[in-house]
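Where a number appears in this text, it was derived from the coordinates with a stated rule and is not lab data. If you're wondering where the values come from, they're calculated on a predicted model, not measured in any experiment. All Cβ positions, glycine included, derive from the backbone under ideal geometry; neighbour counts span all protein chains shown.
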Amino acid sequence: MKITYYGHSCFGIQLAGKKLIVDPFITPNPLASNIDVNAIGADIILLTHGHADHVADAAQIAKNTGGTIISTYEVVDWFGQQKIEGHPLNHGGKLTLDGLTLKCVNAIHSSTLPDGTPGGNPAGFVIWGDGKCIYIAGDTALTLDMQLIPRICPPLDLAILPIGDNFTMGVDDAVMAADFVQCPQVLGCHYDTFPPIAIDKEKAKRAFSDNGKELILMEIGATREF
Ligand code: NI
Ligand code: MN
């Protein structure tokens with residue numbers, strides 16, 4: 001499984017022969033000014049919820065690549081009204097495309113779309129194929145529902161968790177979330193993009209290592225194998 005970080009909560013994931021782009025927020029993000037959104041390939045554009053800092057470049061990437069938007073019903077419907085096709089996947093549901101399975105799980109957050117349209121409930125996704133499994137929490141608070149994930153999905157190799165606090169859980173809650181999902185290897189997201197979510201990165205890494213876990217923070221534009 002190969003992962004590229006595009007800043008904020010946006011990741012490119014190559015798994016089981018598919019290219020996914022998760023929550024694209026690149027052109028409005030000054031920290032990601034080195035990324036060319038038009039150079040990004042995608043078979044699947046996965047959106048955890050409707051907030052602008054997760055969907056800003058989704059339409060452009062869909063047009064460029066012909067990739068399919070996968071998100072919750074209301075978010076896919078909103079893009080459909082703009083003639084951008086997608087596949088709705090709601091909480092509890094799973095979808096298998098060739099060798100890749102995506103399961104939609106709970107997140108505690110909100111989900112208004114950029115024009116104010118209600119976006120339904122926000123989501124997380126667990127994705128597996130080729131013997132690897134990854135949890136993308138989306139924007140969420142710590143929730144006991146995370147304890148279901150190891151009971152209903154394959155064992156996780158990696159959890160992508162928000163750690164910036166204020167709009168989502170912060171570092172201490174994310175350490176507990178890693179316990180709930182039984183995954184000691186965590187890739188952090190949703191930090192440093194805006195002043196309210198600025199973090200002390202070394203302190204955050206220590207909070208994880210003190211609890212026998214690893215917090216990985218990738219440079220924007222970097223790619224890594226998991
Ligand atoms: Ni959000
Ligand atoms: Mn967000």
For the range 82-187, which strands (runs of 3 or more DSSP E) that fit wholly inside it have 3 or more residues that are among the aliphatic types (A, V, I, L, M) and surrounded by 16 or more Cβ atoms within 10 Å (Cβ to Cβ)? 100-106, 123-129, 158-162
Every residue from the range 6-34 that is assigned to a strand (DSSP E or B), within 16 Å of ligand 1 (Cβ to nearest atom) and in contact with a helix residue (DSSP H, G or I) (Cβ under 9 Å, 6 or more places away or on another chain): V22
When every residue in the range 35-54 that is in a helix (DSSP H, G or I) and touching a helix residue (DSSP H, G or I) at 6+ places or on another chain (Cβ under 7 Å) is compared, the one nearest to ligand 2 (Cβ to nearest atom) is V37
Kindly evaluate I61 against the criterion of being under 22 Å from G129 (Cβ atoms), in a helix (DSSP H, G or I), in contact (Cβ under 8 Å) with a residue 24 or more places away in the chain and not hydroxyl-bearing (S, T, Y). yes
